[in-house]
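Asker: One structure coming up, written as C-alpha cells, with questions to follow.
The values are calculated or read from the model by the stated rules, or taken from the named source; none is laboratory data. Just so we're clear, the structure is a prediction, and the values are computed from it rather than from any experiment. Quick reminder, even Gly has a Cβ in these numbers, built from the backbone with ideal geometry, and neighbours come from all protein chains shown.
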Amino acid sequence: MNPSSLPASFPWLSVLIWTPLAGAALLALLRTDRAVRWWTLGVTLVIAAAVVPVLLGFNPAAPGFQFVEDRPWILPLGLGYRLGVDGLSLVLVLLTVWLMPLCVLASWSLITTRVRQFMTALLMMETAMLGVFCALDLVLLFLFWEAMLIPMGLLIGVWGGPRRVYAAVKFILYTVAGSMGLLVAIVALYLHSGTLDLRALLGRAYPLAFQLGVFAALFLCFAIKVPMVPFHTWLPAAHVEAPTAGSVLLASVLLKMGTYGFVRLSLPISPEASRLLAPYMSWLSVAAILYGGLTALAQTDLKRLVAYSSIAHMGFATLGIFTLTQAGLQGAILQMVNHGIATGALFIAVGMVYERLHTRELTAAAGLGKHMPVFAGFFGVFALASMAFPGTNNFISEFLALAGAFQYSKPIALAAVPGVVLAAAYCLRMLQKVAYGSPQNPDHSGVADLNLREVVTLAPLLVLVFWIGLKPGPVVRLFEPVVRQLLEQISPSSAPALPVGMFQGPVWPVS
C-alpha cells in the first residue's frame, strides 16, 4: 500500500493520539472493575490495530515527514497543530501502541484498588507519549512532554510500593527541572527564527555560540530523561516503587524520549555543537554503561537490578548517537526499540514473580524454575536478550553502536567493551538464581506456573526478540533514510577541531 492510496485528508495521527483520551473519559460510565479492565484492553487493542494503516501506508524510502496534519492554532505566535511521522518517530509509535495492551494485561490481577483511576492514567499516558513522537510544533511537543508528568506521577505515587511518595516526588522534580531546559531552548529558537515549526527549524544554519547554548539547554532535559550519569538517581527509585505497568512504560517508552530528543532536536539543530561536544557525550555514555553494569551486578532486588541495567543499555544508545556515524546512529535507534522490548518484558516477568511471592529478592525467588518451567523459559530468553546474546534483538543494536564507536574513537569503544561483559555477568547471575538457585532453595511447591493471560502477555515480546534479532532489516529500513539525512545535516565541509589526546579519532566512517 502506498501513501497515495490512503485518504490524504483523514487525520490518522490525530486518531491515534486522541482515541486513548476519549476512551479514558468513557471509563466514567462503567460500573465494575471487570468492565473497566476489558474496556481499557479493547481501547488499546483498537489503537494497536489503527496504527497498521499508517505502517502500511508509510513510504520507507522517503526521509521526510509523512501523514502530516497542519492546522492553525495560535496565529499571533505562528503556532500550529502540526503532526507527522518519519521513520524515527514511527518505530517509537509502533513500540508504544503495541506495548500498551500488554501493560493492561500485566496489571489485570495485580491492580485491585482504584482500578478505574489506574486505567485512566494508563490511557492518558498513551495520548501524551504518542503526542511527543508525532508533534511537529515545539510548543505542542512541550505540552505533550509535560502532560506525561501527571499520569506517571500518579501511577508511582498512588499504586507504587512503600516509598512511592518519595519516588513520585523525586521523579516529578527531576522531570520539571529537565523541562525547564527544553522550554529555554524553545524560547531561544523562537526568538532567533520566528517559528517553532520543526520542519523549518531543522533546515536552518545557526551561529556556533547559539548552537552551544541550545545544546546545553536540551542536554539538561534529555540527559535527565535517558537518564545519563550523573542525572540517573531518580530512575531506580521510580522503577522499584512503580507498579509493573509503570515500570514498563518508564523503561520502554519514557526513557526513549531522551534519546529521541537528541536525534530529533540536538543533532540537526546544533550540528557544530554536537560535533564539538560529541567526545564528552561519548565518555558520559561509557560512564553510564560501566556504572549501570557494575551497580546491577551488586543488586539483590530483581526490579532494582533490571532498573540499573537500563542505565547501562541506554548508555549504548547515547554512545551510538554521538559517534556521529551511520552504524552508530542505526544501532542507537534500534537500541531504543530493542531495549523497550527486552527490558519491558523483564519488568513484566518480575511483576509476575512479585504477584506470587510478594517479594522481589533474588534469594526468595531462587529455584522458581523447578515449579514454573514455562516462566523460566520466557525469563531465560529475555535475560539472554538483555545481555545481547547473538540471535536476540539487543545483539544487533549494541553491535552496531560499538561498531560506530570503533569508527569514531578506538579508546572510547574499548572503554565501553567491558559493559558487554558486565551485562553477561548480571544477567546470567539473575537467570541462574531464579531458574536453578542452590540446594537450599525456598519451598516453591505451592507456586503456580504462568496462566494463559500471562503467556499471552509475554508471547508477543518473545516473538519480537527473535524476529528483530534474526531479521532486523525491515525495522532498520524504516529509519535508514532518516539516518542518511541526519548525517548530511551534521556533516559540513569544515568542522570545529575536536580536543586532542584521548578524544582523537575519525568523526565519519571510512567508506
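Asker: Do we have His313 as under 21 Å from Pro101 (Cβ atoms), in a helix (DSSP H, G or I) and either within 19 Å of the chain's Cα centre (by Cα) or β-branched (Val, Ile, Thr) (or both) here? It would help to see each step written out before you state the result.
Answerer: On the way: under 21 Å from Pro101 (Cβ atoms): no; in a helix (DSSP H, G or I): yes; either within 19 Å of the chain's Cα centre (by Cα) or β-branched (Val, Ile, Thr) (or both): yes.
No.
Asker: Which of (1) over 29 Å from Ala217 (Cβ atoms); (2) part of a helix (DSSP H, G or I) does Tyr308 not meet, given it meets every other one?
Answerer: (1)
Asker: Of all residues in segment 172-189, which are in contact (Cβ under 8 Å) with a residue 40 or more places away in the chain, touching a Gly at 6+ places or on another chain (Cβ under 9 Å) and farther than 11 Å from Phe222 by Cα?
Answerer: Ala185
Asker: Any residue at all in segment 77-100 that is assigned to a loop (DSSP other than H, G, I, E, B), touching a Phe, Trp or Tyr at 6+ places or on another chain (Cβ under 6 Å) and not β-branched (Val, Ile, Thr)? First the steps, then the outcome.
Answerer: Applying the first criterion (assigned to a loop (DSSP other than H, G, I, E, B)) to segment 77-100 yields 78, 86.
Restricting the remaining residues to those that are touching a Phe, Trp or Tyr at 6+ places or on another chain (Cβ under 6 Å) gives 86.
Then keep just the ones that are not β-branched (Val, Ile, Thr); that gives 86.
Yes, that holds for at least one residue.
Asker: Let me ask something additional. Testing Leu155 on (1) surrounded by fewer than 23 Cβ atoms within 10 Å (Cβ to Cβ); (2) assigned to a helix (DSSP H, G or I); (3) aliphatic (A, V, I, L, M), one condition comes back false. Which one is that?
Answerer: Tallying (1) surrounded by fewer than 23 Cβ atoms within 10 Å (Cβ to Cβ); (2) assigned to a helix (DSSP H, G or I); (3) aliphatic (A, V, I, L, M), Leu155 fails exactly one: (1).
Asker: Among the residues that make up segment 192-201, is at least one of them surrounded by 15 or more Cβ atoms within 10 Å (Cβ to Cβ), of a type in the set (Val, Ile, Thr) and in contact with a helix residue (DSSP H, G or I) (Cβ under 6 Å, 6 or more places away or on another chain)?
Answerer: no
Asker: Separate question: Name the helices (runs of 4 or more DSSP H) wholly inside segment 415-491 in which the number of residues that are in contact with a helix residue (DSSP H, G or I) (Cβ under 7 Å, 6 or more places away or on another chain), modelled with pLDDT of 90 or more and under 27 Å from Arg360 (Cα atoms) is 3 or more.
Answerer: 418-435, 452-470
Asker: Right, something else. So if I check each of Thr40, Thr32, Thr44, which one is modelled with pLDDT under 95 and of a type in the set (Val, Ile, Thr)? So that I can check it myself, show each step before the final result.
Answerer: Numbers: Thr40 fails: modelled with pLDDT under 95; Thr44 fails: modelled with pLDDT under 95.
After applying the criteria, what remains is Thr32.
Asker: Another question, then. Any residue in segment 27-46 that's among the hydroxyl-bearing types (Ser, Thr, Tyr): show its pairings with residues that are in a helix (DSSP H, G or I) at Cβ separation under 6 Å, as long as the two are six or more apart or on different chains.
Answerer: Thr40/Val104; Thr40/Met119; Thr44/Met100; Thr44/Pro101; Thr44/Val104
Asker: If you don't mind, another one. For segment 383-441, enumerate the residues that are in contact (Cβ under 8 Å) with a residue 60 or more places away in the chain, surrounded by 21 or more Cβ atoms within 10 Å (Cβ to Cβ), under 21 Å from Thr323 (Cα atoms) and of a type in the set (A, V, I, L, M).
Answerer: Answer for segment 383-441, where residues must be in contact (Cβ under 8 Å) with a residue 60 or more places away in the chain, surrounded by 21 or more Cβ atoms within 10 Å (Cβ to Cβ), under 21 Å from Thr323 (Cα atoms) and of a type in the set (A, V, I, L, M): Ile396, Leu400, Ala401, Leu402, Ala405, Ile412, Ala416.
Asker: In addition: Would you mind finding the one in Ala49, Ala24 that is farther than 22 Å from Leu198 by Cα and touching a residue at least 12 places away in the same chain (Cβ under 8 Å)?
Answerer: Details: Ala49 fails: touching a residue at least 12 places away in the same chain (Cβ under 8 Å).
The match here is Ala24.
Asker: Across segment 15-61, which residue is farthest from Thr113 (Cα to Cα) among those that are surrounded by fewer than 16 Cβ atoms within 10 Å (Cβ to Cβ) and among the polar types (S, T, N, Q)?
Answerer: Asn59
Asker: So which residues in segment 460-491 are among the small types (Gly, Ala, Ser) and free of Cβ contacts under 8 Å to residues at least 12 places away in the same chain, if there are any at all?
Answerer: So in segment 460-491, the residues among the small types (Gly, Ala, Ser) come out as 469, 473, 491.
Of everything in segment 460-491, just one residue is among the small types (Gly, Ala, Ser) and free of Cβ contacts under 8 Å to residues at least 12 places away in the same chain, namely Gly473.
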